[in-house]
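Everything on this sheet refers to the single structure shown next.
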Amino acid sequence: MSVIDWNRQDNFLDPTLRTHIRDLLRSHSRPSQDLGISALSTLAEKLGKYGDKIAQINDLDELSRLESCRSALEAFYLDCRSLLAPVRRLPIELLIHIFQFCRSAEPNFRRSSDSAVCGIAHLAQESLLRVAHVCHMWHETVIGTPSLWSTVSLHASALSGTPQQCETTVKLLEAVLRRSGSMPLNVESYPFDGYGKRFQPALELIARHSARWKTARIMNSPFDFQYLSSIQHNLALLTTLELYIGGSGAEHQLDFLAFVQNVQNLTVHGSIQFAIPRLPLEGLVTYRCVDSRPGTIRWAIASMSRLSHLCAVGIGIEIPCWDDENYSSALGIPQTTSNIGSFSLHVHKFFRTASSLQILAQTFAALSLPSLRLLSFRADFNPLAWPHSEFMALSSRSSFHNHLQSLDLFRVHITELQLIDCLSTLPALENLSIADHFPKPLVTDSLLTALTRSADNSTLTCLIPGLRMLDCISELRFDDNVYLGFLLSRCASESDSPPDPVPFVSRLRCPRAHIWRTINSNVAAQIKGMCAGGVLKFEWLKYPSLVS
Amino acid sequence: MVLLVTSDNEQFQTEKDIVERSVLIKNMLEDVGESDQPIPLPNVSSSVLKKVTQPSTGPTEIDVRGRYLSTASTTVESPSRPPILEQSQDETRKRTTDISEWDQKFITVDQEMLFEIILAANYLDIKSLLCRRWLQDGSQHDQGARPPEEIRKLFNIVNDFTPEEEAQIKKENEWAEDR
């Protein structure tokens with residue numbers, strides 16, 4: 001129990017002690033052993049006594065004195081409590097790691113009805129600044145850590161307001177660049193049509209720091225590239241580049257592409273033909289051509305001949321819904337041999353099935369991919385039609401049987417017979433992704449049986465003997481015991497060989513709730529047993545769980 | 001299964017794919033190879049380890065579960081895990097759009113435990129997502145980050161800025177006054 005001498009000044013009013021506690025708070029240092037939970041309890045008790053005493057007093061002078069003492073004690077108590085707060089146990093480097101999560105990826109347009117304010121708040125990293133305004137130590141940490149400011153994200157909305165707002169944007173940009181110190185930068189610039197001239201001061205400012213650019217995402221009109229002229233010869237750190245090429249008319253603005261010699265990851269949007277001659281493709285690790293129209297896909301395919309075997313390629317095609325078959329059939333894709341290791345084709349938007357079939361058929365017919373290991377297809381809406389004979393010719397021409405390890409056909413409408421035909425020529429395959437598509441299911445008893453190793457473990461009688469992962473989007477129109485038989489055969493070790501340390505992976509994804517059904521409980525129990533034994537990794541991806 | 005031994009000498013049999021989210025443990029397992037030897041975690045108590053490794057909802061029927069996001073795209077969310085175990089940046093972005101049931105439960109732990117968990121996650125080298133939820137608005141405010149006063153209140157932090165520093169902060173925030 002603490003006893004208070006009401007006529008004597010308490011030590012919490014000692015300015016030296018107050019300053020000491022404040023210094024500790026501001027430095028993120030640990031308090032001494034003397035200041036622990038018990039000391040805090042004593043202070044809280046004293047605070048309560050002050051309250052009680054004040055409630056009993058009638059003398060105004062005495063009341064004023066005690067209230068002042070109580071306020072000082074309360075401030076002292078709060079300082080001490082803060083000093084013992086659990087958050088102070090986090091080391092600075094961990095705080096910085098947490099603060100990194102406060103950076104927003106995009107402007108929050110719900111923040112204000114004024115889009116310029118939203119863009120400016122995004123550039124200023126408002127969330128980070130709010131954290132910086134919590135206390136002295138957090139402020140020092142946030143403002144003084146260049147890595148927290150290494151992403152410079154300029155959204156056109158930040159330049160869409162009044163002239164004063166545009167000035168603010170440039171000042172904030174200067175502040176962000178200053179705080180980033182000498183850190184390598186991630187630069188992002190997103191345009192709105194018609195703001196080209198307004199970008200000039202901001203782009204020129206960013207361009208002056210191009211020697212620090214590590215990644216750059218420049219989605220402005222190519223005509224804005226004129227403001228980036230100073231970046232030529234000054235892009236030594238740039239390893240990741242994404243840019244919008246636009247249409248014709250700005251080709252001369254793309255000369256800087258000849259200086260991006262160290263770029264390993266390149267994404268190009270728009271009419272790639274204007275950029276290809278200038279692009280250093282040989283050293284790329286990833287190469288994406290996005291938004292290619294049927295008329296320009298030939299350029300993207302043709303450029304693949306310059307890529308190395310280390311490169312993973314993704315081509316995104318937009319087929320306009322008004323596209324007619326004749327248009328798609330006249331793509332003129334040149335015969336191209338490419339040593340790339342991975343190829344992905346992604347079709348955006350709705351499209352006519354006949355158009356996608358034409359494009360896929362012509363792409364397969366034009367390509368030879370003698371080193372390909374991964375092949376995948378994506379479609380945002382309707383599944384892609386499958387040009388089977390062209391694929392088989394591509395597979396044969398490219399010797400897929402020797403090296404194709406991963407085939408993702410989730411978004412491809414392929415029949416069971418066609419799939420079995422493909423798989424019979426792909427013995428090196430290890431990962432397969434397939435899906436049921438209306439009207440006939442693909443994941444059926446007959447397919448699972450064809451994939452089941454025979455009882456004598458002969459590798460000659462089953463499809464893809466080296467399969468390590470089967471990923472299915474299925475309406476579950478198969479017999480659970482057939483599925484179990486497939487799993488058991490794949491998880492069993494070869495005779496005379498030690499158990500495989502890597503479990504077989506099987507994923508089942510049920511696409512729609514209305515086809516919900518439970519899995520046979522005996523089958524589920526055996527699957528569970530195989531998982532516990534480490535021979536199977538089973539993933540059941542549906543909500544709610546189908547397993548009874 | 002992997003045997004973990006905590007600072008208070010309690011032993012935990014934990015699934016390998018869960019513990020391997022910890023870079024520290026993953027490296028240890030790679031160094032020692034297949035072994036029944038327990039892995040000591042001298043900086044993690046049993047109460048904290050239970051929190052770090054607990055699955056999202058109750059015991060699992062068959063190992064793993066998750067949610068299917070869309071029939072149109074092939075994007076499928078990874079099986080639910082405690083967010084503190086999440087690793088990939090893409091998953092991080094995806095998961096920050098809502099506060100999962102696991103997070104809601106997780107947030108209800110007291111601050112002593114919360115920061116013990118964060119320190120453990122740091123020691124185990126597991127990317128932590130949770131603090132972002134606390135410092136940002138997420139579903140509660142929808143207007144950006146929590147105001148500094150709320151963060152102070154939440155974490156028992158006092159405003160220790162000098163008047164000069166307050167003036168500097170006001171200057172840093174001038175742009176926001178145009179709103």
**Asked** Restricting attention to region A:74-86, does a residue exist that is surrounded by 12 or more Cβ atoms within 10 Å (Cβ to Cβ) and more than 16 Å from B:N156 (Cα to Cα)?
**Response** no
**Request:** Would you confirm whether any residue within region A:3-14 is of a type in the set (A, V, I, L, M), at pLDDT 80 or above and either in contact with a helix residue (DSSP H, G or I) (Cβ under 7 Å, 6 or more places away or on another chain) or farther than 18 Å from A:C69 by Cα (or both)?
**Result:** no
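May I ask you to verify whether A:L66 is open to solvent by 80 Å² or more (accessible area, probe 1.4 Å), over 40 Å from the mean Cα position of the chain (by Cα) and away from every other protein chain (no Cβ under 14 Å)?
On the way: open to solvent by 80 Å² or more (accessible area, probe 1.4 Å): no; over 40 Å from the mean Cα position of the chain (by Cα): yes; away from every other protein chain (no Cβ under 14 Å): yes.
So A:L66 does not fit the description; no.
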**Asked** Of all residues in region A:385-416, how many are away from chain B (no Cβ under 14 Å), within 17 Å of A:S356 (Cα to Cα) and not aliphatic (A, V, I, L, M)?
**Response** 7
**Request:** Only residues that are at pLDDT below 95 and in a helix (DSSP H, G or I): list them for region A:212-246, please.
**Result:** A:P222, A:F223, A:D224, A:F225, A:Q226, A:Y227, A:L228, A:S229, A:S230, A:I231
**Request:** May I ask you to list the residues in region A:119-145 that are facing chain B (nearest Cβ under 7 Å), among the small types (G, A, S) and surrounded by fewer than 22 Cβ atoms within 10 Å (Cβ to Cβ)?
**Result:** none
**Request:** Taking A:G283 as meeting all but one of (1) modelled with pLDDT of 95 or more; (2) surrounded by fewer than 17 Cβ atoms within 10 Å (Cβ to Cβ), write down the number of the exception.
**Result:** (1)
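Condition check ((1) touching a residue at least 40 places away in the same chain (Cβ under 8 Å); (2) among the charged types (D, E, K, R); (3) closer than 19 Å to B:E174 by Cα) across all residues:
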site	(1), (2), (3)
A:L128	no, no, yes
A:V131	no, no, yes
A:S147	yes, no, no
A:V152	yes, no, no
A:S157	yes, no, yes
A:G161	yes, no, yes
A:Q164	no, no, yes
A:E167	no, yes, yes
A:K171	no, yes, yes
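From the list A:S104, A:S82, exactly one residue is hydroxyl-bearing (S, T, Y) and facing another protein chain (nearest Cβ under 7 Å). Which is it?
Details: A:S104 fails: facing another protein chain (nearest Cβ under 7 Å).
Just one listed residue meets the conditions, A:S82.
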**Prompt:** In this structure, does A:L177 turn out to be within 10 Å of another protein chain (Cβ to nearest Cβ) and either modelled with pLDDT of 90 or more or assigned to a strand (DSSP E or B) (or both)?
**Reply:** no
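Please tell me if A:N262 is in contact with a Ser or Thr (Cβ under 9 Å, 6 or more places away or on another chain) and either closer than 24 Å to A:F343 by Cα or open to solvent by less than 40 Å² (accessible area, probe 1.4 Å) (or both).
On the way: in contact with a Ser or Thr (Cβ under 9 Å, 6 or more places away or on another chain): yes; either closer than 24 Å to A:F343 by Cα or open to solvent by less than 40 Å² (accessible area, probe 1.4 Å) (or both): yes.
When the stated conditions are applied, A:N262 passes them.
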**Prompt:** Do you know which residues across region A:304-332 are at pLDDT 80 or above and open to solvent by less than 20 Å² (accessible area, probe 1.4 Å)?
**Reply:** A:M304, A:L307, A:C311, A:V313, A:G314, A:I315, A:G316, A:I317
**Item:** Filter result (open to solvent by 30 Å² or more (accessible area, probe 1.4 Å), at the interface with chain A (Cβ under 9 Å from one of its Cβ atoms) and modelled with pLDDT of 85 or more) within region B:126-153
**Value:** B:P147, B:E149, B:R152
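Can you list the strands (runs of 3 or more DSSP E) lying wholly within region A:464-548 that have 1 or more residues being modelled with pLDDT under 90 and out of contact with any strand residue (DSSP E or B) (no Cβ under 6 Å at 6 or more places or on another chain)?
Correct list: empty, since no element meets the threshold.
When you check A:G161 against the structure, is it within 13 Å of chain B (Cβ to nearest Cβ), part of a loop (DSSP other than H, G, I, E, B) and open to solvent by 10 Å² or more (accessible area, probe 1.4 Å), yes or no? So that I can check it myself, show each step before the final result.
Values: within 13 Å of chain B (Cβ to nearest Cβ): yes; part of a loop (DSSP other than H, G, I, E, B): yes; open to solvent by 10 Å² or more (accessible area, probe 1.4 Å): yes.
Judged against the criteria, A:G161 is a match.
The values are calculated or read from the model by the stated rules, or taken from the named source; none is laboratory data. These numbers were taken from a predicted model, which means no experiment stands behind them. With ideal geometry, Cβ positions are generated from the backbone for all residues, glycine too; neighbour counts draw on all protein chains shown. Only protein heavy atoms, including side chains, enter the accessible area calculation; ligands, DNA and RNA are left aside. Shrake-Rupley method; radii C 1.70, N 1.55, O 1.52, S 1.80 Å.
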